[in-house]
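Here the structure is laid out as structure tokens; the discussion comes afterwards.
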Amino acid sequence: MSKVADSIRRGLTEAIAFAEGTADASTYRVHVPKTIDVKAIRVKLDMTQEEFAGRFGFSVNTLRHWEQGSRQPEGPTRAYLLVIDRAPTAVQKALLSSS
């Protein structure tokens, strides 16, 4: 596995542990927003709902609920979406190398 993929995987694991409350909070300075604009992330990446969902492992129906505001992503998913927003190429590379 590449160093980038390993770093992303480790970061996501740490973000999940933090979001679930199992991490030592005193060692982290993580800010995962309470809400996240999923549609803005998708539009910024110039992807259809189907492309975005397929590329990053979401169901299209779930993505639509988020974009319509009838649901919000949970903590670990918000962290994952934040990483997608900030480093989409690295996330895609990590996901491709793990198959």
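The values are calculated or read from the model by the stated rules, or taken from the named source; none is laboratory data. From a predicted model like this one, the values you see are computed outputs, not experimental measurements. Here the Cβ positions follow ideal geometry from the backbone for every residue, glycine too, while neighbour counts run over all protein chains shown. Accessible surface is based on the protein model in full, side chains and every heavy atom, while ligands, DNA and RNA are left aside. Shrake-Rupley method; radii C 1.70, N 1.55, O 1.52, S 1.80 Å.
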Just to verify a result, which residue in region 49-79, among those that are over 12 Å from the mean Cα position of the chain (by Cα) and under 24 Å from Gly21 (Cα atoms), is surrounded by the fewest Cβ atoms within 10 Å (Cβ to Cβ)?
Arg71
The lone exception for Val30 - which of (1) among the hydrophobic types (A, V, I, L, M, F, W, C); (2) at pLDDT 85 or above; (3) open to solvent by 40 Å² or more (accessible area, probe 1.4 Å); (4) in a loop (DSSP other than H, G, I, E, B) it fails
(2)
On the basis of being touching a helix residue (DSSP H, G or I) at 6+ places or on another chain (Cβ under 9 Å), among the β-branched types (Val, Ile, Thr) and part of a helix (DSSP H, G or I), does Ile36 make the cut?
no
I'd like the full set of residues that are modelled with pLDDT of 95 or more and out of contact with any Asp or Glu (no Cβ under 8 Å at 6 or more places or on another chain), limited to region 59-69.
Ser59, Asn61, Thr62, Leu63, Arg64, His65, Trp66, Glu67, Gln68
Looking at (1) open to solvent by 40 Å² or more (accessible area, probe 1.4 Å); (2) out of contact with any Pro (no Cβ under 8 Å at 6 or more places or on another chain); (3) without any contact (Cβ under 8 Å) to a residue 60 or more places away in the chain, which is the one condition that is false for Arg9?
(3)
Selected residue (criterion: nearest to Gln72 (Cα to Cα)) from residues of region 39-48 that are open to solvent by 40 Å² or more (accessible area, probe 1.4 Å) and outside any loop (DSSP other than H, G, I, E, B):
Lys39
Those residues of region 45-73 which are in contact (Cβ under 8 Å) with a residue 12 or more places away in the chain and charged (D, E, K, R), in sequence order
Arg55, Arg64, Glu67
Across (1) open to solvent by 70 Å² or more (accessible area, probe 1.4 Å); (2) in contact with a Ser or Thr (Cβ under 8 Å, 6 or more places away or on another chain); (3) in contact (Cβ under 8 Å) with a residue 12 or more places away in the chain, Ser2 clears everything bar (1)
Of the candidates Leu82, Leu96, the one satisfying the condition of being out of contact with any strand residue (DSSP E or B) (no Cβ under 7 Å at 6 or more places or on another chain), in a helix (DSSP H, G or I) and surrounded by fewer than 11 Cβ atoms within 10 Å (Cβ to Cβ) is Leu96
